[in-house]
Amino acid sequence: MRINPLSSDFYSGNRTKIEQNLPDGAIAIIHSNDEMPRNGDQYFPYRQSSDMLYLTGIEQEQSVLVISKIQGWPTTLFIRRPNLMLETWEGKKLEIDEARKICGIEKIQYIENYEGWIKEAMTLTNVVYLNSNEYPKFFPSINSRDERLGLDLRNRFPLHEYRRLAPLLWECRAIKESEEINRLHDAISITGEAFRSILKDSHPGMKEFEIEAIMSYHFTKHGATHAYQPIVASAVSACTLHYTTNHQLINDDSLVLLDFGAEYGGYAADCSRTFPISGHFTPRQQQCYEAVLRVMEKTIPLYTPGNTINSINKQVYLWMEPEAIKLGLLKEDEVKAAGEGVLIQKYFMHGTAHFLGLDVHDVGRKDMPFKKGMVLTCEPGIYIKEEGIGIRIEDNIMVADKPVNLMQFIPKEVEDIEKLSKK
């Protein structure tokens, strides 16, 4: 990924937010991401850690940021030293002045100086904040660079007090500044263009990966990448929530569920749309689709300060249940006997909202009260495996007294989808 960085004032402001929450004499250490081996002598395309991007805008590997509250020891960034042989094979690496222009950090050194610097710094501090990925549903089999080098530091300096940096970063990253909202608008605009092209160019008899190719073309054309592995799921495959094989033939009467989004400049869009490959919904498909759409339209106004993901999830289950009764999926007496919000989870089994930003599942807790400037998804759905119908509609919403739908312009009404399909 090659990003167009935001302003150096933005990154300086983010570091200041962290510094203000550190006690005097403490340091916080943030490492760049690993280069991840693919196979043979190949690496996966490099993607910088979101925390390093948030605090510096530096996307180069083998970088270390130390935010310092030690008297006389300024915040320092360590980067790789450029050399001709390295650049011949891998391309340009940042000079110190170039890195300073991006991140606004005055004190920048080359990475070979880090070991001596940190040893001396550890004699001057008692409190060290270490970073780690604390996303509660993510269980990777390998430790991140932050975690590995944090454990190494603990082993070498066991008498220091170590604290978690993630809670401080979560509080800061969850509220988006205006520059971040503009970057999200860019990612969402690219995503919307791709969807309009999909409606125009898709047809029965295609393979799901051909639709994925349309997405990829539009993303690449605008200097974006996929924010996550896209879902292109037709018919019953749409009832598998994280279906990503995208290899099935799309039959004439199938609904196609898309869950996809562009990542532009480090920021992710997250969009779900469901459309008929024939260009026209069957009466049953439209009935189910409009049930989901009605719930979505009632849910978006809930994205106001003070609300939470947990409260939205609970309310949406309650709203979806009578829709399922109308669709003949549930019986009213059975719902009453089981208790509200229980039986619907057979047909709507996931949450409605998650935070969005530098990560598609961005930092933030389900019980964290919403504040103005937070951005979350709204994605109700219904999945009827026995009928081969899976429907999810997802927009990205900015929290405000009157919530702002950042995806309002991406078609989702039945009439608009059928009109744009022009089959």
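The values are calculated or read from the model by the stated rules, or taken from the named source; none is laboratory data. Just so it is clear, the structure is predicted and the values come from calculations on it, not from any experiment. Please note: Cβ atoms are built from the backbone with ideal geometry, for glycine as well, and neighbour counts cover all protein chains shown.
Here N182 does not fit the description of being without any contact (Cβ under 8 Å) to a residue 40 or more places away in the chain, surrounded by fewer than 18 Cβ atoms within 10 Å (Cβ to Cβ) and under 14 Å from L130 (Cα atoms). Of the residues that make up the stretch 324-339, is at least one touching a residue at least 40 places away in the same chain (Cβ under 8 Å), among the small types (G, A, S), surrounded by 20 or more Cβ atoms within 10 Å (Cβ to Cβ) and assigned to a loop (DSSP other than H, G, I, E, B)? The answer is no, given that none of the residues of the stretch 324-339 is touching a residue at least 40 places away in the same chain (Cβ under 8 Å), among the small types (G, A, S), surrounded by 20 or more Cβ atoms within 10 Å (Cβ to Cβ) and assigned to a loop (DSSP other than H, G, I, E, B). Annotation for the stretch 36-56: at least one member residue is outside the structural domain of D186 (by TED's automatic domain parsing) and in contact with a Gly (Cβ under 6 Å, 6 or more places away or on another chain). Scanning the stretch 339-358 for residues that are among the aliphatic types (A, V, I, L, M) and farther than 14 Å from P322 by Cα yields a count of 4. Pull up the stretch 206-261, narrow it to residues that are among the β-branched types (V, I, T) and not in a loop (DSSP other than H, G, I, E, B), then point me to the one that is surrounded by the most Cβ atoms within 10 Å (Cβ to Cβ). Filtering the stretch 206-261 for residues that are among the β-branched types (V, I, T) and not in a loop (DSSP other than H, G, I, E, B), the one surrounded by the most Cβ atoms within 10 Å (Cβ to Cβ) comes out as V232. Within the stretch 1-54, can you find the residues that are within 17 Å of S178 (Cα to Cα) and loosely packed, with under 12 Cβ neighbours inside 10 Å? Within the stretch 1-54, N4, D9 qualify.
Among the residues of the stretch 340-369, those that are aliphatic (A, V, I, L, M) and in a loop (DSSP other than H, G, I, E, B) comprise V342, M349, A353, L356, L358, V360, V363, M368.
In the stretch 73-131, what count of residues is obtained for those that are in a helix (DSSP H, G or I) and either touching a residue at least 12 places away in the same chain (Cβ under 8 Å) or not β-branched (V, I, T) (or both)? I'd like the intermediate steps shown before the answer.
Keep residues of the stretch 73-131 that are in a helix (DSSP H, G or I), which gives 84-90, 96-103, 111-122.
Filter again for either touching a residue at least 12 places away in the same chain (Cβ under 8 Å) or not β-branched (V, I, T) (or both), leaving 84-87, 89-90, 96-103, 111-122.
Within the stretch 73-131, residues that are in a helix (DSSP H, G or I) and either touching a residue at least 12 places away in the same chain (Cβ under 8 Å) or not β-branched (V, I, T) (or both) number 26.
Kindly indicate whether any position in the stretch 274-287 is under 23 Å from L406 (Cα atoms) and assigned to a helix (DSSP H, G or I). Within the stretch 274-287 (the criterion being under 23 Å from L406 (Cα atoms) and assigned to a helix (DSSP H, G or I)), the answer is no, since none of the residues qualifies.
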